[in-house]
1. How far apart, in nanometres, would the label points at Thr144 and Leu176 be if each is projected 7 angstrom from Cα along the Cα-to-Cβ direction?
2. Note down the nm distance, to one decimal, between modelled labels 7 Å out along Cα→Cβ at Leu333 and at Leu243.
3. Within region 107-146, list the residues whose amide N lies under 16 Å from a label point set 7 Å along Cα→Cβ of His260.
4. Over what distance in Å are the Cα centres of region 203-280 and region 440-475 separated?
5. So how far apart, in nm, are the two label points at Lys253 and Glu371 if each is 7 Å from Cα heading toward Cβ?
6. Based on the Cβ-Cβ distance of Ala403 and Leu452, what FRET efficiency does E = 1/(1 + (r/R0)^6) give at R0 = 35 Å, to the nearest 0.05?
7. Please tell me the relative contact order of region 59-166 in percent, rounded to the nearest whole number, where contacts are Cα pairs under 8 Å and at least six residues apart.
8. Residue by residue, what Karplus-based ³J(HN,Hα) values in Hz, rounded to whole numbers, does region 323-329 have, using 6.51, -1.76 and 1.60 with θ = phi - 60° and x for Gly and Pro?
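The values are calculated or read from the model by the stated rules, or taken from the named source; none is laboratory data. In this text, all values refer to a predicted model and were calculated from it rather than measured experimentally. Here Cβ is always computed from backbone atoms with ideal geometry, including for glycine, and neighbour counts include all displayed protein chains. Accessible surface is based on the protein model in full, side chains and every heavy atom, while ligands, DNA and RNA are left aside. Shrake-Rupley method; radii C 1.70, N 1.55, O 1.52, S 1.80 Å.
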Amino acid sequence: MRAPLRTWAWCQIRVPSPTTAPSSTMAEGSANHVISTPFRSSPAGTGRRTVAYDPRGSEERDMRCAVVGGGVLGMTLALRLRRDGHDVTLYEAAPELGGLASPWRIGEVTWDRHYHVTLLSDARTRAMYEAAGILDDEIRWVETKNGYYGPDGVIRPFSGPVDFLKLPGLSLLDKLRMGGTIVLGSRIRSGERMERRTVESWLRRWSGPSAFEAFWKPLLRAKLGDTYPRASAAFIWATIQRLFAARRSGLKKEMFGYVHGGYATVCAAFATAFEREGVELRLATPIGAIRRAEGGGLDITTAGPDGPATDHVDRVVVTTAAPIAARLCPDLLEGERRRLESVEYVGIVCASLLLDRSLSEHYLTYITDPETPFTAVVEMTAFIDPAEVDGKALVYLPKYTTADDPLMRASDDEVLDAFLPYLERMYPDLDRAQVVAARVSRVPKVFALPTLRYSETQPSIATSVPGLYLAGSANLPFATLNVDDTLSLVDQVLEVANLDAAPATSRTEP
Ligand SMILES: Cc1cc2nc3c(=O)[nH]c(=O)nc-3n(C[C@H](O)[C@H](O)[C@H](O)COP(=O)(O)OP(=O)(O)OC[C@H]3O[C@@H](n4cnc5c(N)ncnc54)[C@H](O)[C@@H]3O)c2cc1C
């Protein structure tokens, strides 16, 4: 008999100390940290495996599962389902894996389409790497420095409490109140409590109006664009909780990590594991519709490179944004559809620049100047080894915004024309001729905005259609945009979908 899923659900993995981290950065008296993670650890331990892995024997591959979306959530779910003994097909609309974390080409180099860091405390992400077969010594751990660009046009260091105390334009009282606000946020245990008021009213209450206007508001705009007035305080709570995650998991200091080669390495490792272990991968195959099939199960209509086709499966997990899922699933009840369509999303326009010079030593420069059209400068090569991108400087200029922003429809050149004069203003010795290559990513729906009391109205993972499950940031009311929180959905989906039980046709669904 198949082992019940729960026996795998909260296995503990030993998270080794980062190979390049000094031991003084770790909790005293421990070289390793045991962190609970909802990912079943790799059966063959760390390291790339070269032999086929068949955990339960072919007779137990009784459930035909489809995963829609080949982002980190879809890839991780597909591998996990396969290792739990199911027949799995992963459908991805794009020609490559990775979704928001997919790699792309900028000029002659390949790196992530959006900037990504992994925190030392991101246990699920590290378990995901391990599951895909990535060795721990392929992860580089780095301490980064940040900057702060204020309305006075000066870039200052912003990496710790001393830099914070030196910020201009804020009184000492403002700063003390802001520090107190962060400590308070770190001590609050319940996200539900924070959902009852807007993030603006909570920050004004604890930090005061001048600190809100000068500091918090620009930072909220940087992450939420013009949607910030509708966000609940759960947003800042989740952000602060993530900042304090290292301490909670016993680490003295947080560090940032990346996999050598970026997400191209991660996606390639998944593709190899899929091939070796028998996950069917269908790239460039957008799903058109998922419908109840006569006689039970679900029919998936695809529009792949070879034309439309229909596949029959027992279970489908859709990992796209909620409004897209609503469109793909015509058999949902009207109320379910309305709920999915009403989830408000924050999108992004993000320019990647390859420069033949570095801008600064700061990985992340926060921008509080309201005129600058992008919301941060992310100099990736102040974090990753420039050798990863041919010795060049890789810089991202993100603007979190909404789907109706004209920049979503602007050409790359138009976006660069809007952004680059401001970058030159920030770094006066920068010359546009130093931009070797540039590309712009536009994603209208990146993550679900946590609005007031969002958790009370969020869509559920299970649906009224037997065997159909929907999972994504719309199911994470108390999270920030990051891979680790996204991966918390893996166990939730498996639990809700009861994937170690009988096929959908014989079960009662909500
Ligand atoms: C600018 C930026 C910076 C970030 N920085 C970090 C960071 O530093 N650290 C961190 O941990 N996280 C970071 N993240 C967040 C991280 O990228 C996401 O949490 C994660 O990638 C979400 O994965 P997902 O699989 O849930 O969704 P997605 O990646 O959106 O995957 C959904 C997939 O569904 C596919 N799809 C859509 N419609 C269809 C269809 N009809 N048929 C088939 N497939 C379809 C899409 O093509 C996509 O590949 C960042 C994100 C952004 C945008």
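1. 3.3 nm
2. Distance between label points: 4.2 nm.
3. Residues passing the 16 Å test: 130, 133-142.
4. That distance is 17 Å.
5. Between Lys253 and Glu371, the label points sit 3.8 nm apart.
6. Result of the calculation: an efficiency of 0.95.
7. For region 59-166, the relative contact order is 16 percent.
8. Those phi angles translate into x, 5, 4, 4, 5, 6, 10 Hz.
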